[in-house]
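Here is the structure we will look at.
The values are calculated or read from the model by the stated rules, or taken from the named source; none is laboratory data. Remember, predicted model here, so these are calculated numbers, not experimental data. In this analysis, Cβ positions are derived from the backbone assuming ideal geometry, glycine residues included, and neighbour counts consider all displayed protein chains. Each accessible area value is taken on the protein alone, full model and side chains, heavy atoms only, with ligands, DNA and RNA left out. Shrake-Rupley method; radii C 1.70, N 1.55, O 1.52, S 1.80 Å.
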Amino acid sequence: MEKDVLAKTYNPKEVEGRWYKYWEENDLFKANARSDKSPFSIVIPPPNVTGSLHMGHALNNTLQDILARYKRMKGYNVLWQPGTDHAGIATQNVVEKDLILKKTDRHQIGREQFIELVWEWRKKYGGIIINQLKRLGSSCDWSRERFTMDEGLSRAVREVFVGLYEENLIYQGDYIINWCPRCHTALADIEVEHEDTDSFLYYIRYPFENQKGSLTVATTRPETLLGDTAVAVNPEDERYKNLSGLHVLLPVLNKPIPVILDKYVDKEFGTGALKITPAHDLNDFEIGNAHGLERIKVIDENGRMNELSGPYQGMDRFECREKILDDLKNSGLLEKIEPYRNAIGHCYRCKTMIEPLLSKQWFVRAAPLAEKAIAAVKTGKTRIIPANWERVYFDWMNNIKDWCISRQIWWGHRIPAWYCQECGEVMVAKEEPKICTRCKSNNLHQETDVLDTWFSSALWPFSTLGWPDSTDELKTFYPTSVLVTGFDILFFWVARMMMMGLHFMGDVPFRDVYIHALVKDEQGQKMSKSKGNIIDPLVVLDSFGTDSFRFTLSILAAQGRDIRLSEERLAGYRNFMNKIWNAARFSLMNLKDCKSPSIDTDTLTLADTWIMSRIGAVADEISSNIEGYKFNDAANICYQFIWHEFCDWYLEMVKLELYSNDQKRREAAQSAMQILLSGVLRLLHPFVPFITEEIWQRMPHTEGSIMAAQFPRRTDFVYDEKSVKEMDLIKEVITGVRNIRGEMNIPPKKAAKIVIDVKGDKEREILKNNHSYITNLAKVESIDFISDTKKPDSSATYVFSDIQVHVLLKGLINYDDEKKRIYKGIKKIEKEMEISQKKLANRDFLNQAPPDIVENVKQKAQRMSMKLDKLNQNLTILDGIT
RNA sequence: GGGCGGGUAGCUCAGCGGGAGAGCAUCGGCCUUACAAGCCGGGGGUCACGGGUUCAAAUCCCGUUCCGCCUACCA
């Protein structure tokens with residue numbers, strides 16, 4: 001790498017690809033399953049293989065990468081385990097769409113060939129999201145990339161399924177499930193999205209069978225009445241007391257169905273009479289079971305009315321509703337229609353309205369598994385951060401329902417169950433059985449359903465590490481250190497990993513779960529395709545560069561708060577990258593001929609000691625913030641320190657040394673600068689890997705990649721608290737002069753004479769010894785020192801505590817302006833003093849507040865009082881002049 | 001229905017018991033040989049409202065209100 005002068009602005013495009021390749025080629029992302037170093041491991045939340053990078057991924061992976069890079073620099077053996085999941089329904093949908101274009105469908109080509117096509121698709125497009133993660137700089141160990149349909153992971157799935165079945169934790173049964181008529185599969189409860197919808201409540205008369213009159217029920221789904229097998233009323237409902245044992249006639253079909261009594265029915269709602277359709281509603285199903293009612297399925301898997309729905313057979317469910325309402329109206333059975341708002345379930349994949357259907361499915365008995373998962377968080381074996389998500393987790397776990405895991409699609413792990421065609425025996429086994437265990441028949445058929453994708457995702461923390469084999473990876477990296485993810489998959493994924501990990505590994509899958517924010521748009525709206533407010537991370541990467549993007553996400557990632565991303569913010573942090581770049585540019589220009597760095601405390605200037613004390617303190621703060629998942633604080637500390645301390649003050653001060661004729665001073669400055677630049681880059685590296693590597697490689701006396709360098713600690717630098725106080729004093733004087741220059745409109749080029757009135761010998765010494773900082777940074781041509789003397793004529797004065805800086809302004813001073821300025825200062829300080837004095841006048845405060853607090857207030861009051869005196873004196877003098 | 005988060009400078013947000021902060025925007029002055037994606041300086045806030053606890057409240061508690069979000073088998 002040539003170490004020439006850097007370009008004037010940072011150009012990320014030229015840099016990023018180059019270094020990513022370098023890191024990969026030099027195996028810098030690789031974990032070691034047999035290492036003496038302490039392990040640190042993260043499994044990636046596997047992105048959907050059909051996916052393309054969205055903001056959620058960008059944030060999620062940026063945060064993981066910060067942790068991974070930071071821990072590597074701290075000397076850990078880091079494994080960041082990457083991979084993708086096979087996304088059963090989504091992937092099948094994509095390939096099926098292709099087939100439609102080719103004027104065929106999966107049923108025509110058959111299961112085997114279809115699966116082959118999906119694999120082909122995955123080979124061709126499955127790497128897209130992976131490459132996008134690489135563009136983000138993600139330092140995953142790609143040599144270990146896994147896919148949930150890999151042979152190894154599929155083995156883990158079979159092992160788990162059979163294990164749970166044998167323990168009676170998986171069972172098969174007829175239940176009401178959520179059916180998507182478009183995807184043609186069952187869905188788990190959490191895969192259904194509820195949406196408040198304006199609909200209607202229809203009041204329908206069910207005539208009595210053997211007497212006059214009718215019983216009116218209220219329903220939102222009149223079409224399901226074809227499958228009604230009873231009408232229920234509350235046993236305590238006075239109105240319907242005498243109806244028990246009677247029958248009513250189902251409208252349209254004129255079929256008698258019984259009136260039953262059930263406490264479930266709410267007397268207050270509708271008419272207090274509830275129609276019962278056990279095959280199409282979960283509650284009705286349960287009531288039906290309790291009363292031994294027949295289950296009549298009238299809607300089929302396509303959402304169409306079937307042969308049991310009489311005249312409506314063949315109609316779509318919505319079409320049927322219209323028709324049936326017409327017919328009811330005509331026969332006078334429709335009493336009234338009321339507008340009604342209710343939540344309607346939709347498929348989370350395709351948004352089709354869910355049809356609750358009676359169907360035979362496979363379920364995981366969740367409650368027993370949840371117990372340990374609850375305990376693990378209660379006892380702190382796994383921490384959820386921020387902790388308020390614990391409550392959400394507990395709430396769900398405590399009310400957990402059995403998990404429907406079978407899906408009527410082809411792409412996925414086929415359930416390892418076989419049915420004997422002769423005797424009906426069900427066999428669940430890891431290997432395909434040859435003959436029926438009961439009747440010895442060889443006429444066996446495998447279950448056609450596959451497992452929910454989340455079933456395999458639930459095993460991710462150990463299946464990716466080689467389970468069920470006992471591998472070095474498992475020994476070294478399980479339990480993983482932390483899981484970083486969004487709350488939207490807390491139930492889908494985190495909770496289930498907890499259950500499976502505890503059950504099969506006997507330990508939690510991760511020590512920490514860090515739940516991060518959602519990325520929203522500028523208006524705080526959730527980004528969605530339908531709203532069209534999506535900010536494409538790839539576009540952001542192109543226009544601002546990866547590092548700016550990552551830094552923006554980090555600094556906005558406050559715990560428990562969503563991120564509103566905006567172009568202005570991105571531009572602001574792109575400017576920060578440019579600032580870093582130019583600080584490096586300046587440094588490198590002056591480091592061309594430098595020796596290898598060493599700290600000689602004798603040659604350190606006050607500026608050196610001060611900035612080293614600061615960078616050391618800052619390094620420790622950044623460390624503790626990263627370790628506490630306070631990414632925004634860590635990033636903000638970097639920003640403030642680098643821009644407003646290192647660049648604004650140190651680099652300006654070091655110019656004195658660099659431009660000095662004294663070769664020794666120059667060399668000492670070069671040494672310090674190298675140490676500092678190296679420190680700054682290493683602090684920044686976890687956040688902004690590319691720009692830091694680029695500069696690192698151009699620095700003299702650096703070896704290898706910055707990835708392998710050590711993260712700075714306070715003890716790496718000179719630390720001297722006194723220097724911080726001294727520098728504060730000098731900065732205050734400089735700021736004071738600048739302030740007056742600015743407010744009095746003194747041309748920046750015009751050098752000023754100043755007189756500092758300082759009583760304390762110590763302060764005077766400090767200012768005298770470091771006067772060149774003041775003369776250079778405040779454009780001052782001479783400094784005189786006085787002690788407790790009257791304000792010089794033709795001067796403007798900056799007052800702090802008992803120190804006064806008089807800027808001599810012969811001919812430039814406007815006395816009215818100066819008076820106004822002083823007056824403003826007096827008003828401000830009087831207001832502040834009032835607060836302090838009130839406190840000090842309060843006996844309870846003096847007695848009960850901690851002594852250090854009282855002392856602080858006292859000192860503050862004293863300082864202010866001195867300042868106020870000086871200001872008043874100055875005002876009096878000016879009054880005398882004008 | 002239940003739960004969670006939020007209301008702090010014009011905007012976006014930190015802070016969450018002892019001096020109201022940042023970024024952006026704004027105003028004034030600067031092409032000072034690292035950076036105009038920059039430098040220097042300034043202005044700007046009854047910390048939603050009402051009570052309470054405390055020597056001390058933006059910060060803790062209660063209530064009100066307005067926004068989000070999650071969850072739920074009253075048809």
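A DSSP coil position with no more than 16 other Cβ atoms inside 10 Å describes the following trypsin sites (Lys or Arg not before Pro) in the stretch A:568-603: A:Lys592, A:Lys595. Multiplying the residue separation of A:Ser244 and A:Ser441 by 0.36 nm and removing their Cα-Cα distance gives an extension gain of 65.8 nm. The listed residues A:Phe551, A:Phe504 rank as A:Phe504, A:Phe551 when sorted by accessible area, largest first, using a 1.4 Å probe. Calculated [222 nm] ellipticity per residue, helices only, for chain A: -13500 deg cm²/dmol; basis is -39500 (n - 2.57) per DSSP H run with n ≥ 4, divided by all residues, nearest 500. Picking from A:Met497, A:Val484, A:Leu369, whose Cα lies most toward the positive end of the charge dipole for chain A (charges on Cβ: Lys, Arg +1; Asp, Glu -1)? Checked the options; the winner is A:Val484. A 1.4 Å probe, protein heavy atoms only, puts the accessible area of A:His771 near 90 Å². For the pair A:Asp536 and A:Arg34, a Förster radius of 56 Å applied to the C-beta separation gives a FRET efficiency near 0.85, rounded to the nearest 0.05.
Measuring nothing but protein heavy atoms, the accessible surface of the stretch A:814-882 at 1.4 Å probe radius is 50 percent carbon and sulfur.
Computed from the C-beta positions of A:Ser624 and A:Thr876 and an R0 of 60 Å, the FRET efficiency is 0.75 to the nearest 0.05.
Within the accessible area of the stretch A:185-356, the carbon and sulfur atoms contribute 47%, probe 1.4 Å, all protein chains present.
Label positions at A:Lys858 and A:Glu721, each projected 7 Å from the Cα along the C-beta direction, are separated by 1.9 nm. Accessible surface for A:Glu151 stands near 120 Å², nearest 10, in the context of the full protein assembly shown (1.4 Å probe). Across the protein chains, with a 1.4 Å probe defining accessible surface, the residues A:His346, A:His503, A:His107 rank A:His107, A:His503, A:His346 from largest area downward.
Normalised by the number of residues in the stretch A:814-882, the mean separation of alpha-carbon contacts (under 8 Å, six or more apart) gives a relative contact order of 48 percent. The residues A:Asp602, A:Asp326, sorted by heavy-atom accessible surface at 1.4 Å with ligands and nucleic acids left out, run A:Asp602, A:Asp326 from largest to smallest.
Between A:Asn398 and A:Glu732, the modelled label-to-label distance comes to 5.5 nm, taking each label 7 Å out from Cα in the direction of the beta carbon. Over all other residues within a Cβ to Cβ distance under 12 Å of A:Ala343, the charged ones net out to -3, with Lys and Arg as +1 and Asp and Glu as -1.
Rounded to the nearest 20, the size of the Cβ-charge dipole of chain A about its Cα centre is 2160 debye, with Lys and Arg at +1 and Asp and Glu at -1. One chain, two ends: A:Lys820 and A:Glu268. Fully extended at 0.36 nm per residue, the span grows by 191.4 nm beyond their Cα-Cα distance. A full extension of the chain between A:Trp142 and A:Glu236 corresponds to an added length of 27.3 nm, given 0.36 nm per residue minus the alpha carbon distance. Per-residue surface analysis assigns A:Met505 an accessible area of about 50 Å², computed on protein heavy atoms at 1.4 Å probe radius. Mean sequence separation of contacting Cα pairs (under 8 Å, at least six apart), scaled by the length of chain A, corresponds to a relative contact order of 12 percent.
In this structure, A:Asn210 and A:Glu335 have a Cβ-Cβ separation that, at R0 = 25 Å, corresponds to a calculated FRET efficiency of about 0.75.
Per residue, the accessible area of the stretch A:185-356 comes to 48 Å² when a 1.4 Å probe rolls over the protein heavy atoms. Restricting attention to chain A, close to 70% of DSSP beta bridges with both partner residues there are antiparallel.
Trypsin sites (Lys or Arg not before Pro), restricted to the stretch A:678-772: which are DSSP loop and have at most 16 other Cβ atoms within 10 Å? Passing both the DSSP loop test and the Cβ count: A:Arg713, A:Lys749, A:Lys750, A:Lys759.
Among the trypsin sites (Lys or Arg not before Pro) in the stretch A:376-407, those placed in a DSSP loop whose Cβ has at most 14 other Cβ atoms within 10 Å are A:Lys401.
According to the Cα-based calculation, Rg over Rh for the stretch A:1-152 is 1.08, with Rh computed by the Kirkwood formula. Normalising the average separation of contacting C-alpha pairs (under 8 angstrom, six or more residues apart) by the number of residues puts the relative contact order of the stretch A:631-735 at 17 percent. Charged side chains reduced to their Cβ positions (Lys and Arg at +1, Asp and Glu at -1) give the stretch A:165-318 a dipole of some 940 debye around its Cα centre. Here the spin labels are modelled as points 7 Å beyond Cα on the Cα-Cβ line, and at A:Thr789 and A:Glu322 they lie 9.9 nm apart.
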